[in-house]
Amino acid sequence: MSSKYNPPQDPLEFLHEDHEVLLVNKPSGLLSVPGKGPDLTDCLIARVQAAFPTALLVHRLDRDTSGVMIFALTPHAQRHLGLQFEKRMTKKTYVARVWGEMTEKTGTVDLPLIVDWPNRPKQMVCHDTGKPAQTDWRVIRARDGESRVRLMPKTGRSHQLRVHMLALGHPILGDPFYATGPAREHPRLMLHSETLQFRHPDGGKGMRITAKCPF
């Protein structure tokens, strides 16, 4: 870990709850699942299971990323949602603040990623051994030396949005792994999972859940 683990202690914000699924607004600084070692046991799934004992993991967000996370409340829902993520049937939208004023309004990053073994958990672009990764991006506004962007990942690689924005020359502000100098000097990683679209495991109805961006 890049720093001592000191997760926020605010009460959880539940965004939606029914008989099959639970959606939570994950705070920045809290692990999705336990890390290695007794000091890294406090995590979102442990807190969720304290209130909903049947909750099951479907996907995860990086420790420093905030926003919408979905948990299954039954094994059926976990299988159903797991397949949706695997087959890229879910749609996720993120908001980020990045270094520098981006001149173009929209674009797509298509760069394969692989773990940077000597520096893990960092990832890197590698055209020989990397796994395919694509991110659509759209600038919301650019001023005062930074840009606010909306990011729509088509794939779900580890650190994908962070490395793709870095590759464009616009690292995400506050990123402890990829930002340097003034870009790094922010109280948190400025990356938030704003919306998640999925099909409900009971009946397949399309749902779209939003967590308001805190920055």
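Coordinate-derived values only; no laboratory data. Here the structure is a predicted model, which is why all the values come from computation and not from measurement. As a convention, Cβ positions derive from the backbone with ideal geometry for all residues, glycine included, and neighbour counts pool all protein chains shown.
Below are the figures for this structure:
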quantity	calculated
The chain: most fluctuating residue of 24, 115, 68 per GNM, C-alpha cutoff 10 Å	115
Helical mean residue ellipticity (222 nm; -39500 (n - 2.57) per DSSP H run of 4+; nearest 500) of the chain	-3500 deg cm²/dmol
Reciprocal of mean inverse Cα separation for the stretch 94-191 (Kirkwood radius, Å)	13.4
Residue-wise HN-Hα coupling along the stretch 97-102, computed from phi with Karplus coefficients 6.51, -1.76, 1.60 (Hz; x: Gly, Pro)	9, 10, 6, x, 8, 6
Under DSSP loop assignment and at most 11 Cβ neighbours within 10 Å, longest GluC sites (Glu not before Pro)-free interval of the chain	1-103
Pairwise centroid distance, computed over Cα atoms, of the stretch 40-111 with the stretch 168-185, Å	22
GNM flexibility winner over the chain from 121, 11, 34 (Cα, springs under 10 Å)	11
Pair-distance profile P(r), taking every C-alpha pair of the chain, with 10 angstrom steps and integer %	8, 33, 37, 19, 3
Listed residues 63, 79, 184, most fluctuating in the chain (Gaussian network, C-alpha, under 10 Å)	79
